[in-house]
1. What number of residues in region 145-180 are of a type in the set (S, T, N, Q), over 20 Å from ILE280 (Cα atoms) and open to solvent by less than 50 Å² (accessible area, probe 1.4 Å)?
2. When the residues of region 133-144 are filtered to those that are surrounded by fewer than 17 Cβ atoms within 10 Å (Cβ to Cβ) and aliphatic (A, V, I, L, M), which remaining residue is modelled with the highest pLDDT?
3. Does ARG183 meet the test of being more than 26 Å from ARG254 (Cβ to Cβ), open to solvent by 80 Å² or more (accessible area, probe 1.4 Å) and among the basic types (Lys, Arg)?
4. Quick one: which of ALA241, ALA220 is exposed (fewer than 15 other Cβ atoms within 10 Å of the Cβ) and in contact with a strand residue (DSSP E or B) (Cβ under 7 Å, 6 or more places away or on another chain)?
5. If I filter region 1-29 down to residues being farther than 27 Å from ASN229 by Cβ and among the aliphatic types (A, V, I, L, M), which single residue comes out as modelled with the lowest pLDDT?
6. Taking the condition farther than 21 Å from LYS153 by Cα, among the acidic types (Asp, Glu) and either open to solvent by less than 20 Å² (accessible area, probe 1.4 Å) or modelled with pLDDT under 95 (or both), does ASP282 pass?
7. Identify all residues within region 233-269 that are among the β-branched types (Val, Ile, Thr) and over 17 Å from LEU95 (Cα atoms); write none if there are none.
8. May I ask you to say which residue of ASP246, ASP226, ASP276 is within 24 Å of LYS3 (Cβ to Cβ), surrounded by fewer than 20 Cβ atoms within 10 Å (Cβ to Cβ) and not small (Gly, Ala, Ser)?
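The values are calculated or read from the model by the stated rules, or taken from the named source; none is laboratory data. What you see is a predicted model; the values in this text were computed from it and never measured. In this analysis, Cβ positions are derived from the backbone assuming ideal geometry, glycine residues included, and neighbour counts consider all displayed protein chains. Side chains included, ligands, DNA and RNA excluded: accessible areas come from the protein's heavy atoms. Shrake-Rupley method; radii C 1.70, N 1.55, O 1.52, S 1.80 Å.
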Amino acid sequence: MAKPENPVAGRAAIVGLGHTAQGELPGSSAEQNALDAGLLALQNAGLTVGDLDGLIACKSVQGQANDVAVGALLGVNLPYVQSLDYGTCNFSLHLAVMAIVSGMANTILLTYGANARSGKFDFGKPMYGADMASAAGLVHIAGRAGLALQRHKAIYGTTDEQFGMLAVGQRLWAQNNPNAIFRKPMTMADYLAEPYMVDPLRRSDVTMISDGGAAVVVTAAERARDLPNRPVYVSGMAEYAGVRGDNNPENLMRPWLKQSASAIWTTTGLNAGDIDVLYIQDPTAVWSLQMLEYYGFCGIGEGGPFLAEGHTLPGGVLPLNTHGGQLSESYTWGWMHVVEAVRQLRGQAGDRQLDAPRIGMYCSSHGFVKAAASILSTEQSVGS
């Protein structure tokens, strides 16, 4: 059977990166953080605000930093302007590529900004409104993720030591990242000694909360070739929504992630073995465990042994979240994952730079309802 057409392969590229410091930025609003990151991304791309014809703003966890607020600070009117309630950069990136392929825009700034830490945002709220899980006290993503890990352990025998390789590994990568908030070395013994946050999740299994902004510039491939940095092309993208929620069988395990995986591999003609460096949005380490399995980097139920063998650590065959991810670098809803992926593919990741990676992948999700994946490459022909 012939491979389905991939209408986006190589037609748009990421050409600019920008981010603020990550941590606590008192006195700086979510909108200001998004703007500051956006201006840095434009500078990195060798462009100015006047070169833009599009803006996509991802609202922060507080519901701030939308397109109108960030656009007002930029001080321009634009043909194409959108906001996403939950962009995680993957969903925002997909929207930008679709706008470029359709001809609605040519060069788009994508921004995210939050001040959830200094603003003391209350995370003790129901995720999806008043439902039975919230009535049981599962008001934060860690509650349901903890249940998902319990289920994985019960079905497949995953151990704490195996699962802990994710948090320990992220800390190892973060030690070479000057942007990372958590850089103090952490051994497996240190990890196992941590008290539970939500049994069986320990503190290091769950994202920190931080302030910061992140941004990327996406443009048509024809224009990308004339800009200062090596273009990183969007070679494929896929999404899938399990919006039936808890009506889905085994929804804690999020089996609908497999549909996003199937779509990305089918349309690009690639497979897990083609990926040189992997990024998984990880508000909890459970998401990394699930996505390693569902995207085919190991077998279903085999994530624990795969991690225990050290494949995702520095020097392993599948470098995972080389910046430290949300467990050790920063919160930013996964936006810094794309920043790091592009840095690695450009060869600009400093002391943590891998040996000439060619194809990277970013997998993300919105809790228990949405999945998205993007494949990025240094070569325009990949995925076509």
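1. 0
2. Step by step, filter region 133-144, then rank; the result is ALA136.
3. Yes; evaluated as a whole, the condition is true for this residue.
4. ALA241
5. Checking each candidate, the answer is MET1.
6. So ASP282 fails the test.
7. Of everything in region 233-269, those that are among the β-branched types (Val, Ile, Thr) and over 17 Å from LEU95 (Cα atoms) turn out to be VAL243, THR266, THR267, THR268.
8. It is ASP276.
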